[in-house]
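This report refers to the structure that appears directly beneath it.
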Amino acid sequence: MKKREKINTSKNTNKKGNQFDYAEIYRQLRTNIEYSSFEKNLQVINFTSTNPSEGKSSVVSNLAMVSVAKYKSVLLIDCDLRKPVQHKLFQVSNKVGLSDLIRNFENFDVREDTYFQKFKDKDNEGKLYLLSAGTKIPNPQEMLASEKFKSLIEKLRSRFDFILIDCPPISAVADAIPISNVSDGTIFIVSAKDTNKNDARTALTQLQRNGVNVLGAVLTKVDAGPDHYYSYYYSDK
Ligand SMILES: Nc1ncnc2c1ncn2[C@@H]1O[C@H](COP(=O)(O)OP(=O)(O)O)[C@@H](O)[C@H]1O
Ligand SMILES: [Mg+2]
């Protein structure tokens, strides 16, 4: 995997000239997730939202980058098979990925790196892996709700300490529901700029009605003043 350019874990200055430390914000998010449940070990976390373009993929990729400091091995899975972007963010090929792995699931050995792409830079010692979305398929919903997908997540738990899943939005398709059901917890992304409050409420209710363990929400695209964070996390508990 080549060095990433689009992901930003350094200090930056926004349009108004305020400095914010991206890495610190994502480290706080990681800590908040860790402490959001004392009962259950949170190893597999998925991220969804109401609509496209609310910042899900950006949050997941940045969180994955800072998580390597805490965990021995981290896996990011791109489950948005309709609009996959993680391979672009990490600048790697999407020739084989999740859909291809599921198709060959019988022969899949979790210890092999055939489907995983290792991301290495000066900060993470090669502990971050990406499972990109893979070949386009006509029926992602069926695949993500399948027993094979469920078994895959179980297998991955034996190899990776922390697994982050990038999901499609709730409004478009039902894909995020079965993914949330095989995860230990779900984070709901809300864009301060784009998300309609009532639509978000409807999407959240849909998750909760389906028994999803919603851990909390991340607010993105906040117009940051001098004393405010660029984006932040709050728990619903
Ligand atoms: N916190 C943020 N502030 C401003 N723009 C953002 C933020 N997060 C993401 N974006 C931008 O919004 C667009 C959609 O982001 P993305 O993470 O792909 O959303 P999603 O995965 O929800 O579709 C991208 O152009 C991205 O650069
Ligand atoms: Mg996305």
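The values are calculated or read from the model by the stated rules, or taken from the named source; none is laboratory data. Not measured: the values here are computed from a predicted model. Because the Cβ atoms are built from the backbone with ideal geometry, glycine has one as well, and the counts that use them run over all protein chains shown. The protein model used for the area step is the full one, side chains on, heavy atoms only, and it has no ligands, DNA or RNA in it. Shrake-Rupley method; radii C 1.70, N 1.55, O 1.52, S 1.80 Å.
Does Ser61 count as assigned to a helix (DSSP H, G or I) and open to solvent by 20 Å² or more (accessible area, probe 1.4 Å)? First the steps, then the outcome.
Numbers: assigned to a helix (DSSP H, G or I): yes; open to solvent by 20 Å² or more (accessible area, probe 1.4 Å): no.
The answer is no for Ser61.
Those strands (runs of 3 or more DSSP E) of region 109-197 in which 2 or more residues are within 22 Å of Glu34 (Cβ to Cβ) occupy 128-131, 162-166, 185-191.
Taken over region 114-137, residues that are aliphatic (A, V, I, L, M) and open to solvent by 30 Å² or more (accessible area, probe 1.4 Å) amount to 1. Would you be able to say whether some residue in region 95-116 is under 25 Å from Ser53 (Cβ atoms), out of contact with any Gly (no Cβ under 8 Å at 6 or more places or on another chain) and not charged (D, E, K, R)? No, every residue in region 95-116 fails to be under 25 Å from Ser53 (Cβ atoms), out of contact with any Gly (no Cβ under 8 Å at 6 or more places or on another chain) and not charged (D, E, K, R). Of the residues that make up region 220-232, is at least one modelled with pLDDT of 95 or more, under 19 Å from the mean Cα position of the chain (by Cα) and in a loop (DSSP other than H, G, I, E, B)? The answer is no; no qualifying residue exists.
Could you check, for region 195-212, whether at least one of its residues is in contact (Cβ under 8 Å) with a residue 24 or more places away in the chain, open to solvent by 10 Å² or more (accessible area, probe 1.4 Å) and at positive phi? Within region 195-212 (the criterion being in contact (Cβ under 8 Å) with a residue 24 or more places away in the chain, open to solvent by 10 Å² or more (accessible area, probe 1.4 Å) and at positive phi), the answer is yes, since at least one residue qualifies. Could you tell me whether Thr31 is assigned to a helix (DSSP H, G or I), surrounded by fewer than 20 Cβ atoms within 10 Å (Cβ to Cβ) and either at pLDDT 95 or above or away from ligand 1 (no atom under 16 Å from the Cβ) (or both)? Here the answer is yes, as Thr31 does meet what is asked. For region 118-137, a tally of residues being at pLDDT 95 or above and not aliphatic (A, V, I, L, M) returns 5.
Filtering Arg82, Arg103, Arg111 for residues that are open to solvent by 50 Å² or more (accessible area, probe 1.4 Å) and within 16 Å of ligand 1 (Cβ to nearest atom) leaves a single hit, Arg82. Against the numbered list (1) more than 16 Å from ligand 2 (Cβ to nearest atom); (2) modelled with pLDDT under 95, Pro178 comes up short only at (2). Of everything listed in (1) touching a helix residue (DSSP H, G or I) at 6+ places or on another chain (Cβ under 9 Å); (2) open to solvent by 60 Å² or more (accessible area, probe 1.4 Å); (3) among the small types (Gly, Ala, Ser), the single unmet condition for Ser53 is (1).
Going residue by residue through region 139-152, is there one that turns out to be open to solvent by 50 Å² or more (accessible area, probe 1.4 Å) and touching a residue at least 60 places away in the same chain (Cβ under 8 Å)? No, that holds for no residue. Of all the residues in region 72-102, those that are among the small types (Gly, Ala, Ser) and over 18 Å from Asp175 (Cβ atoms) number 2.
If I filter region 139-152 for residues that are closer than 15 Å to Gly55 by Cα and small (Gly, Ala, Ser), do I get at least one hit? The answer is no; no qualifying residue exists.
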